[in-house]
Amino acid sequence: MNLRRVVYTSIASEAFDKRQLLDMLHQARSYNAVDEISGVLMHREGEFFQVIEGESTKVEDLLERIQNDPRHNSMEIIHDEFAEARLFPEWSMGCADFDQPELAFLPGVRGNLSNQTVSLELNARLPEFATHLKQALGAA
């Protein structure tokens, strides 16, 4: 399998409440489980930072659906690579809502997830960040 990892940022078209975030996450997990896509979605004050991993053509299909999703805009791919191993193998889509103060301690997390400097730093530290995130959220 050609394992592809894509990291992108985007901004919500409208404010997301917790229920809308959970609904979006539930839908993503259902589709991703079928397509064997793993990753994590990070949210803070209407900004998203997402890592998706999976077979290249399935990731490409998912990216097209994401780009056409009216719930967000200003999508920017900040990293696109082929990888040897998944960072989030057990998560069809993990979720970290950094509006929750208890997650703010994670390395590299700052107030603006869509800021280019912050997103590049998070991406550069992704393996380390993945370890801390999995510890903070558990394997769920």
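Nothing in this text is a laboratory measurement; each read-out follows from the coordinates by a stated rule. Predicted model only: the values in this text are computed from it and were never measured. Counting neighbours? That spans all protein chains shown, and the Cβs are built from the backbone with ideal geometry, glycine included.
Quick check: net charge around residue 37, other residues with Cβ under 14 Å of its Cβ, Lys/Arg +1 and Asp/Glu -1? The partial results should precede the final answer.
Numbers: positive: 4, 5, 29, 58, 65, 86; negative: 35, 36, 53, 55, 60, 61, 64, 90.
Neighbourhood net charge equals -2.
Net length available on complete extension from residue 135 to residue 13 is 40.8 nm, with 0.36 nm assigned per residue and the Cα-Cα distance removed.
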